[in-house]
Amino acid sequence: MTAVQFRSPDVRLSEALADTARAVQGHVVTLRELLGYVGEQGLLVFAAILAMPFLIPVSLPFMSTALGLPMLLIGIAVILGRLPWLPDRLLDHALPSATVQHVLERAGRTAERFEHLVRPRLLPLTGSALVNSVHGVTLVVVVLLLMAPLPLVPFANTLPAIAIILLCLGIAERDGALLLGGYAVSLVSTVYIGSLLWLVVHAGMNVEDVYGTARAFATRLFGG
């Protein structure tokens, strides 16, 4: 296995993506080089994008496992400050530079649209590798909550997804306010999903019973 070092997220995401697009212009780029360019920021934004399909109240079965595994690896990578699981054969795989550049340019333009809302704030919350490792632990826990075997249960995927998006963007853009929001939603997710899992394990309820209980609770809470 080959380790890929992350760089500290100390520049704006749009700037990092623009620099990467210029760096890969006109030559074949490997996945190893691309990871070195985009670093932790790019992977965290990728994790946030993977979480977005779960923003609907009910997600499809197996979807949380398929999309959760890459997010889980990214969370572990944040804890360690490196990505040690990719083999050399995959890291040295050549990518078409024109396609990579086009994707990076589009992602950079998209990042510019939300950067007036997401900006460096409360910098001590993202000021050290140790602090970011703590955020990585929280991210891993929330991803595991999202992957909990509760298909079709209302908000069982939505609440962790919101927490993942807030945590990932907060770390990537050094936005402490988003991180605090991510921790708040993480706490709510832990209580909600932990209660559902407790019902399954200790109260002898099956998933269908939990679904009915959760749906009734969500109806009382949110209306509808």
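So which helices (runs of 4 or more DSSP H) are wholly in the range 1-80 and hold at least 2 residues that are at pLDDT below 75?
13-23, 31-51
Suppose we filter ILE165, ILE193 for residues that are over 23 Å from GLY127 (Cα atoms) and either in a loop (DSSP other than H, G, I, E, B) or in contact (Cβ under 8 Å) with a residue 40 or more places away in the chain (or both); which single one remains?
From the options ILE165, ILE193, the qualifying one is ILE193.
Test LEU167 against the criterion of being modelled with pLDDT of 90 or more, in contact with a His (Cβ under 8 Å, 6 or more places away or on another chain) and at negative phi, and give yes or no.
Answer is yes for this residue.
Return the total of residues in the range 128-160 being part of a loop (DSSP other than H, G, I, E, B) and either in contact with a strand residue (DSSP E or B) (Cβ under 8 Å, 6 or more places away or on another chain) or at pLDDT 80 or above (or both).
Looking only at that region, the number is 6.
Which residue pairs have Cβ atoms closer than 6 Å, lie 6 or more positions apart in sequence or on different chains, and pair a first residue in the range 17-34 that is free of Cβ contacts under 8 Å to residues at least 24 places away in the same chain with a second residue that is part of a helix (DSSP H, G or I) and of a type outside the set (A, V, I, L, M)?
Within 6 Å, the pairs are ALA23/TYR37.
Determine whether the range 131-148 contains at least one residue that is more than 18 Å from the chain's Cα centre (by Cα), exposed (fewer than 15 other Cβ atoms within 10 Å of the Cβ) and either farther than 17 Å from GLU33 by Cβ or touching a residue at least 40 places away in the same chain (Cβ under 8 Å) (or both).
Looking for residues that are more than 18 Å from the chain's Cα centre (by Cα), exposed (fewer than 15 other Cβ atoms within 10 Å of the Cβ) and either farther than 17 Å from GLU33 by Cβ or touching a residue at least 40 places away in the same chain (Cβ under 8 Å) (or both), one finds none in the range 131-148, hence no.
The values are calculated or read from the model by the stated rules, or taken from the named source; none is laboratory data. These numbers were taken from a predicted model, which means no experiment stands behind them. Methodologically, a virtual Cβ is constructed for each residue, glycine included, from the backbone with ideal geometry; neighbour enumeration extends over all protein chains shown.
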